[in-house]
Amino acid sequence: QLTPSSFLRIGHLSNVDLNEDIHELQTELPRQRPNEIPHNEKLLSLKYESLDYDNSENQLFLEEERRINHAAFRTVEIKRWVICAMIGILTGLVACFIDIVVENLAGLKYRVVKDNIDKFTAKGGLSFSLLLWATLNASVVMVGSVIVAFIEPVAAGSGIPQIKCYLNGVKIPHVVRLKTLVIKVCGVILSVVGGLAVGKEGPMIHSGAVIAAGISQGRSTSLKRDFKIFEYFRRDTEKRDFVSAGAAAGVSAAFGAPVGGVLFSLEEGASFWNQFLTWRIFFASMISTFTLNSVLSVYHGNAWDLSNPGLINFGRFDSEKMGYTIQEIPIFIFMGVVGGILGALFNALNYWLTMFRIRYIHRPCLQVVEAMLVAAVTATVGFVMIYCSRDCQPIQGSSVAYPLQLFCADGEYNSMATAFFNTPEKSVVNLFHDPPGSYNPMTLGMFTLMYFFLACWTYGLTVSAGVFIPSLLIGAAWGRLFGISLSYLTKGSIWADPGKYALMGAAAQLGGIVRMTLSLTVIMMEATSNVTYGFPIMLVLMTAKIVGDYFVEGLYDMHIQLQSVPFLHWEAPVTSHSLTAREVMSTPVTCLRRIERVGTVVDILSDTSSNHNGFPVVESNPDTTQVAGLRGLILRSQLIVLLKHKVFVERANLSLVQRRLKLKDFRDAYPRFPPIQSIHVSQDERECMIDLSEFMNPSPYTVPQEASLPRVFKLFRALGLRHLVVVDNRNEVVGMVTRKDLARYRLGKEGLEELSLAQT
C-alpha cells in the first residue's frame, strides 16, 4: 500500500499527494503496478474542475453585447430552437439504431441457442448447449468491455451520475465527447446482446447529452473539425443548458415520456431553470420521441401506426380490466416499504462491491475478465434455472418470442424461459401483461432472488449499461408474486390482477434503488399510458424513497460520492450556520496587479503546487499607504490566451498596429485551453508588462468574511459560480471560496463532517 509522502498544510486543508509515489514506482519498476489502490470515501478529489455558469462581463463582452441589435438577438433565439430540434432528431435516431441492432443481434443469438437446445434435448448432451450460450455471451461482452476499458473508460455504467455532475457544474473529463458517444452506443448494444442483466435506457440519457454538447458547439474535437457555426454558444452557460435538453431528449426516447424527460432534467440535473429553457427542453423531448416513433413504425412496416413512442413500451394498461379500489392503497404503500428496503439492500451491496472494484480491479485487463465472468455466470444461472424448472404452460394464446420446450410435453413451454431467455425489456412486458396463472410462484421467487444478485453484480462493471430495466424486472417479478399470493389468501377473488401488482412492484423497486420521485412517477404514467395509476405510483415511490433514505442514499448519489466528486446539493448542510466564510475560504490567494509583469504571470501559472484557476486583480499602486482594493477577477484560461497572442503593453505603441483581441479568440480556444507549458515566452518578453483591465471581469461576486456558510452556499449554488471572492471591510482580498471548499462540508451520521482533499 502506498504511503502519502508529503502533507501540505494549506490553511486547514490537508492535501495528500499520492501522485508522486506512483510516479516513482512507475519509473523504477515499470512492471509492478500497485495491487491495491487505497481509496477512502471521505475524500474529495482535486482532479475535477468546475464549470463557470457565470459570464465574465469584461469590456470585450460588454462591447459585443452592445453591438448586437434586436434582430441579431432574434437570430440567436431561432438558432437555439434549431439546435433543440436537431438534438431531438439525432437522439431519436440513435435510439432507433440501438433498438434495431439489439433486436436483430439478440434475435439471432436466441434462435441459434434455441435450435441447439431443441436438438440436444432429444438426444441428450445439453451441457454443450450451455457451453454455447455461455461462450456466445462472454465473447460478445468481451468486445463490449474491451472498447470501454481500453478506449474510453468514462463510457462505463449508465452515465447518469456523470451527467448529473456535469449539470451540477463539475467538469468531468471526456464526458461529452463524440468518442464517448460512439463507445457508449456500441458498448450498450454489445452488453444487452451479451445477455447481461442490464437495460439500454440509462445510456440513452448520456448519449442525448453528448449529442447536445456536440451540436451546440458546432465543432468536434474528436474529429478535429470546426464547422464555424453556433460560435455564440461556446461557453459553459449555453453548453450546459443544451446538455440538459439532451438529457431530457434521451429520457423521452428511452421511455416515450417527453414530460418525464423534462422533469428528469429538472429534478436530477439542471441547477438553473427558467420558462424559456423549459419550453425548449420540452420541444427537444417531443421531437425525439416523435422521431423514434416514426422511424420504428416505418421499420416495422406500418408507417401510419405510431405505436412505439419509446425504447421500452409497457403496453396498454386498461382501466376497466385493471382498476384499483381504495382498500388496495395500504397494500400499495406496503409494497413501497418493501421496495425501499430491497433497494437499500441493493445499494449497500453495490457500495461494497464498488469499493472492492476501485481498490483491486483497476487494471483494464482485469476489468474485461470480470465482465466476461459475469456474462458467463449470467448465462449459466439462466440455463440451470430453466433446466431445473418444471413449470410448464400451454403455448396456445401466449405471446412468447422464443418458447423453449425442454422437458415439457408437446404444445407446452417452460415458463422460466420467458423470464431468462429474452431481453430484459420483453421480460418486463411479459410480467406486466401475461394473463393470471402464467407463472408458478416458485418460478417467480427463484427468478427474483437470482436476478437481484446478478443485477447488483453487473452494475458498475466496465460496460455501458443502465440499471433502470433490471430494477423494473426485479420489482415486476416480486410484485407479481405478491399479487398471486394475495389472490391465494382471498381464495382467488378477482380484484388481485397480478399485472397491476407487477407494475407497483416495479415502481417500488426502481424508486428504492435510484430514489427519483417526481420524474419517475410521470415516466411510469406515460410509459403505461394510463393516468389512473398516477396516485398509487406516486404513493409507492414516496414510500420507497423515505424508507430507502433511512438506510442508505440513492445509487447515483452513492456513485458520485465514491468517485469523490465535489457535488453541491440544493441546500447547505442543515447544521452549518456556525461556520462563516472566513473559516471556509481557501487562503492565501494569489493576486495579480492590474498592470503586471509577464514573467510574474508565467511563474504563477506554471506553479504546480497552487494550480489556481481564478486570480483576483488588485490596484497596481506601488505606494504602500493606499489599500490594494479588489478591482476584478481574471481566469487562468483568459491569461493563457493573452500570453498566446502576446498582448503586452510594450507592443501596443509600436508602429505595427496590433489587432485587438476579440471575444472570438477566447471562444475559439474554448473548451480546452492550451496548458501553460505549451506557451513559449522569451527572456525579453518576461520583462514586458501586461494590462489586464479590459480582459478582467470588473464586477466579480464578493462576500464579506463574516457571511455564514448557508448564505455563501446559496449565492454560489444559485448563480452557478466558480469563484467567490471573500473581502474584508476595506475591500481587500482575504480569501477565495471555490466549489471544493463548499462541497467539503456534509452531514454525516454524527452531524457535520469535513472531508479532506486528495490530489488523486
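Bear in mind that the values in this text are calculations on the coordinates, not laboratory data. Bear in mind the structure is a predicted one, so any value in this text is a computation, not a measurement. Cβ placement follows ideal geometry from the backbone for every residue including glycine, while neighbour counts extend to all protein chains displayed.
When only DSSP loop residues count, what chymotrypsin sites (Phe, Trp or Tyr not before Pro) in the stretch 338-368 have their Cβ near at most 10 other Cβ atoms within 10 Å?
Loop-located and lightly packed - none at all.
At LYS714 and GLU694, where each label point lies 7 Å from the Cα along Cα→Cβ, what is the point-to-point distance in nanometres?
The two pseudo-label positions are separated by 4.0 nm.
Between THR575 and SER307, what is 0.36 nm times their sequence separation minus the Cα-Cα distance? Round to one decimal in nm.
91.4 nm
I want to make sure I understand the PRE zone here: with the label point 7 angstrom from the Cα of ARG225 toward its beta carbon, which residues in the stretch 172-201 have backbone N atoms less than 20 Å away?
The answer is 176-186, whose backbone nitrogens lie closer than 20 Å to the label point.
To the nearest 20 Debye, how big is the dipole of the chain about its Cα centre, given +1 on the beta carbon of each Lys and Arg and -1 on that of each Asp and Glu?
1040 debye
Can you tell me the FRET efficiency between ARG111 and TYR360 if r is taken as the Cβ-Cβ distance and R0 is 41 Å, rounded to the nearest 0.05?
FRET efficiency, ARG111 to TYR360: 0.60.
How are the C-alpha pair distances of the chain spread across 20 Å bins, as whole percents from the shortest bin up?
Percent of Cα pairs in each bin: 15, 45, 29, 9, 1, 0.
For TYR701 and ILE395, what does the FRET efficiency come to when R0 = 60 Å and r is the distance between their Cβ atoms, rounded to the nearest 0.05?
E(calc), rounded to 0.05, equals 0.30.
Mind putting a number on the dipole of the stretch 149-259 about its Cα centre? Charges go on the C-beta only, +1 for Lys and Arg and -1 for Asp and Glu, and I need it in Debye to the nearest 20.
Values: 14 positive and 7 negative charges, 65 e Å.
Rounded to the nearest 20 debye, it is 320 debye.
Return the distance in nm (one decimal) between the two label points of a simple spin-label model at LEU518 and MET86, each offset 7 Å from Cα along Cα→Cβ.
Here the modelled spin labels are 3.0 nm apart.
Would you be so kind as to identify which of ALA581, MET372, SER222 lies farthest towards the positive end of the dipole of the chain, taking Lys and Arg as +1 and Asp and Glu as -1 on Cβ and the Cα centre as origin?
So the residue furthest toward the plus end is SER222.
Do you know the relative contact order of the chain, to the nearest whole percent, from alpha carbon pairs under 8 angstrom that are 6+ apart?
19 percent
On full extension of the chain, what length is gained from GLU267 through TRP279, given 0.36 nm per residue of separation minus the C-alpha to C-alpha distance? Write out the running numbers ahead of the final one.
Values: separation 12, 0.36 × 12 = 4.32 nm, distance 1.57 nm.
Taking 0.36 nm per residue and subtracting the Cα distance, the gain is 2.7 nm.
Given the pairs LYS109/LYS200; LYS123/LYS200; LYS164/LYS500; LYS164/LYS184, which are separated by over 27 angstrom at their Cα positions?
Beyond 27 Å: LYS123/LYS200; LYS164/LYS500.
Of GLY445, TYR670, ALA247, which is farthest on the positive side of the dipole of the chain, counting Cα position, with +1 on Lys and Arg Cβ, -1 on Asp and Glu Cβ, and the Cα centre as origin?
TYR670
Restricting to Cα pairs below 8 Å that are 6+ residues apart, what does the relative contact order work out to for the stretch 581-758? Please round to a whole percent. Mind dumping the intermediate values first?
Working: 248 pairs, mean separation 55.8, N = 178.
Normalised by residue count, the contact order of the stretch 581-758 is 31 percent.
Which are the unpartnered cysteines of the chain, meaning those with no other cysteine Cβ under 4.7 Å from their Cβ?
Result for the chain is CYS84, CYS96, CYS165, CYS186, CYS365, CYS388, CYS456, CYS591, CYS688, no neighbouring Cys Cβ within the cutoff.
Quick one: which residues, 5 or more positions from ARG631 or on another chain, have an amide H under 5 Å from its amide H? H modelled 1.01 Å from N in the peptide plane, none for Pro or chain starts.
Hits under the 5 Å cutoff: VAL617, VAL618, GLU619.
Report the charge-dipole magnitude of the stretch 581-758 in Debye, nearest 20, computed about the Cα centre from +1 at each Lys and Arg Cβ and -1 at each Asp and Glu Cβ. Present the calculation step by step, with values, prior to reporting the outcome.
Values: 26 positive and 21 negative charges, 174 e Å.
The calculation lands at about 840 debye.
First measure r as the distance between the Cβ atoms of LYS171 and PHE334, then evaluate 1/(1 + (r/R0)^6) with R0 = 56 Å and state the FRET efficiency to the nearest 0.05. Write out the running numbers ahead of the final one.
Working: r = 44 Å, r/R0 = 0.78.
My answer for the efficiency is 0.80.
Along the charge dipole of the chain, which of MET736, MET516, VAL76 sits closest to the positive end, that is, farthest toward it, with unit charges on the beta carbon of Lys, Arg, Asp and Glu (+1, +1, -1, -1)?
Result: VAL76, furthest along the dipole toward the positive end.
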